[in-house]
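The structure under discussion appears below in the form of structure tokens.
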Amino acid sequence: MGRFITIDELTTDIDTVLADKRHHLLVTFDDGLKEQFELALPILEQHRTEALFFINSMNFIDNKVSMVHKIHMVRSEVSPNEILKEINKIPNSQQNELTPAEFSKAVAHYRYDDQSTACLKYLLNFKLPKSSLDIVINALFQRNFEEESVADTLYMSNDQLRYLAERNMLGNHTHSHFALGLLPKPEIEEEILKTKSFIQSFKKNDNLAISYPYGSAEACGWPVPEMAKQTGHKIGFSMERGSNDITADKLLLKRYSSNDLPGGKNYSS
């Protein structure tokens, strides 16, 4: 058991929180989805519990769907074999084959999926060059969906974002939801600062938190945490599973997935 803490407690007095032997809990959501605001937030507010909602600014500034969500939606309509068939049409199509090391990373990162699904998701999210990904996924997405309509339906509205910003409940999930650790430093900084500026346009917040897209070791390895700190972020969240104590890196805090908790598909008592 534990107690839910406020966002201010975590961002302004994190050393005390991490040193405390009691369990402290904070709910986080990634990607700025409308369903998080409409379904989860009312339950949290009923129990007077705060949460951090990490958003990608491209969904709102550009009214575009993040590539990660395009991949999800394409995979819901198109078979893995058809996706791989499209990838194989690209020159140098051997890039769709994972090395043994990449296979191990894929299975570890996508622990809730079977091996073939994990490998396809790793290929799409980590290995394929952006240029190839744009060709394959954008073509399949446009064939099955209308982007502006999806963006309006999938992501929070500006009024909903403003509501969260007034309560300091918005966090930075970067502009485009790319794996930051795979980008050059100028692009990492740009990805972080675009969303920081967007959040600050609603309300100035000196205690910003960041959640790194994908959150794996390669997605948020050096220099990503240092750049998050340099751009004014007090705390950062990876997707490494576990609890945090006084030895934790405040810019690489661990989290538990809802799948690991009671009611989740990976939970075992």
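Out of [x] -0.65, -0.91, -1.54; [y] -0.63, -0.87, -1.36; [z] -0.86, -0.98, -1.23, which label holds the value of log10 I(q)/I(0) by the Debye sum over Cα atoms at q = 0.11, 0.13, 0.17 Å⁻¹ that was computed here?
Looking at log10 I(q)/I(0) by the Debye sum over Cα atoms at q = 0.11, 0.13, 0.17 Å⁻¹ for this model, the match is [x].
Quickly estimate the mean residue ellipticity at 222 nm for the chain, helices only: each DSSP H run with n ≥ 4 gives -39500 (n - 2.57), and the total goes over all residues, rounded to 500.
-12000 deg cm²/dmol
Mind telling me which of 144, 125, 207 comes out most flexible in a GNM of the chain, alpha-carbon contacts under 10 Å?
Highest fluctuation among the options: 144.
Mind checking which lysines have their C-alpha under 16 Å from residue 254, skipping anything on the same chain fewer than 8 residues away?
By straight Cα distance, residue 254 reaches 234.
How many nm separate the modelled label positions at residue 256 and residue 107, each set 7 Å beyond the Cα in the direction of the Cβ?
Computed distance between label sites residue 256 and residue 107 equals 2.6 nm.
Given +1 on the Cβ of Lys and Arg, -1 on the Cβ of Asp and Glu, and no further charges, what dipole in debye does segment 161-269 carry about its Cα centre, rounded to the nearest 20?
With Lys and Arg at +1 and Asp and Glu at -1, about 400 debye.
Charges on Cβ only, +1 for Lys and Arg, -1 for Asp and Glu, centred on the Cα centroid of the chain; of 231, 14, 175, which one is farthest towards the dipole's positive end?
14
For residue 76 and residue 217, FRET efficiency with R0 = 22 Å and r from the beta-carbon atoms, rounded to 0.05?
So the FRET efficiency works out to roughly 0.20.
Put a dot 7 Å past each Cα toward the Cβ at residue 231 and residue 16; how far apart are the dots in nm?
Modelled inter-label distance: 3.0 nm.
State whether segment 1-80 is rounded, prolate or oblate according to the following rule on the C-alpha gyration tensor (a ≥ b ≥ c being the square roots of its eigenvalues): a/c under 1.5 gives rounded; otherwise a/b larger than b/c gives prolate, and the remaining case gives oblate.
prolate
Taking a cut-off of 13 Å between Cα atoms, list the aspartates and glutamates near residue 127, but don't count ones fewer than 8 places away on the same chain.
Hits, sequence-local ones excluded: 97, 102, 218.
Please report the net charge: other residues with Cβ closer than 15 Å to the Cβ of residue 122, K and R +1, D and E -1.
Local charge sum for residue 122: 0.
Which whole-number value in Å² is the accessible area per residue of the chain, probe 1.4 Å?
Computed with neighbouring chains in place, this is 52 Å² per residue.
Go ahead and run the numbers for FRET between residue 245 and residue 48, Cβ-Cβ distance against an R0 of 25 Å, rounding to 0.05.
0.40
Would you work out the relative contact order for the chain, in percent, from Cα pairs under 8 angstrom that are 6 or more residues apart?
Dividing the mean separation by the residue count of the chain yields 19 percent.
If 214, 112, 155 are ordered by their accessible area, calculated over protein heavy atoms with a 1.4 Å probe, which sequence runs from highest to lowest?
112, 214, 155
Cβ under 13 Å from residue 235's Cβ, residue 235 left aside: what net charge do those residues give with Lys, Arg +1 and Asp, Glu -1?
Around residue 235, the surrounding residues sum to -1.
Could you sort the peptides 187-199, 215-227 by per-residue average Cβ neighbour count (10 Å cutoff), highest mean leading?
Packing proxy ranking, top to bottom: 187-199, 215-227.
Considering only Cα-Cα distances, which of the following residue pairs are longer than 25 Å: 64/105; 121/204; 85/130?
64/105; 121/204
Using the Cβ atoms and a cut-off under 13 Å, what net charge is assigned to the surroundings of residue 216, where Lys and Arg are +1 and Asp and Glu are -1?
For residues surrounding residue 216, the net value is +4.
The values are calculated or read from the model by the stated rules, or taken from the named source; none is laboratory data. Keep in mind the model is a prediction, meaning the values are calculated, not measured. So basically every Cβ, Gly included, is an ideal-geometry build from the backbone, and we count neighbours across all protein chains shown. Ligands, DNA and RNA are excluded from the accessible area calculation, which covers all protein heavy atoms including side chains. Shrake-Rupley method; radii C 1.70, N 1.55, O 1.52, S 1.80 Å.
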